[in-house]
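**Q** Have a look at this one.
Derivation of every value follows stated rules applied to the coordinates shown; laboratory data play no part. These figures come from a predicted structure and were not determined experimentally. Here the Cβ is made from the backbone with ideal geometry for all residues, glycine too, and neighbour counts use every protein chain on show.
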Amino acid sequence: MNILYTGLLGANVDPEQIKKVFNDDGLQQSSIMTLYYVQVAATIEASDLGLSLPRGFPNGWGEDRGHGHTTGDDLVQTSSSMLTLTVSKLQQGVSNTFNSIGFDHVLEHVIDSNDIQDEYGIQLPQAQKEFLSIDIANVEERIGIEVDGPGHFVRLIDKPWKSSAKQQFDDLGENRFNGPTILKHRLLGHLGWNIIHVSCNL
């Protein structure tokens, strides 16, 4: 982990030097979010490592991009400084079902960095930033429902195949949650949430 932090952030904690080394404009938003997640996980699970993000992170470390606003037939999106919140038709349909049975909830509940610090005592290096979102949440009971479409899975194709030509090209694998989905579930569990997954992997 120390090697990972040094490789991404450098030994001298100088974002301009790292940009020159990698010949780019800085960390992408997805990489910044991953580092936040890893920092929280490291603080909870491996505090003895003493890992910490630089003071003021991610200011100066990320690409300078605006946050667009897009809408379409399938999605409703809103952007924040760290998250792009997306409500899909599938997610809305699950929410409507919960409404019909009287399950109290909100869509896209956001946990920000101040919540992480105030409620869980985990210090992050930046002012208030939206940090984690839960697709459907009963905040009072700390019950979260994640509606997982195909983007939350990877396809394993390493099951042994038989010798016939047809079977060599059959889909013999299975779906597994991808790394970001597993890490998010793990973090939310550490933060006291009971997460239920509704898998809609078509």
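**Q** Mind listing the long-range amide H neighbours of PHE153? Cut-off is under 5 Å, sequence gap 5 or more, other chains count too, H placed in the peptide plane at 1.01 Å from N.
**A** ASN178
**Q** Roughly how many nanometres apart are two label points built 7 Å out from the Cα toward the Cβ at ARG155 and VAL139?
**A** 4.0
**Q** Roughly how many whole Å is it from the C-alpha centroid of the stretch 175-199 to that of the stretch 8-39?
**A** 25
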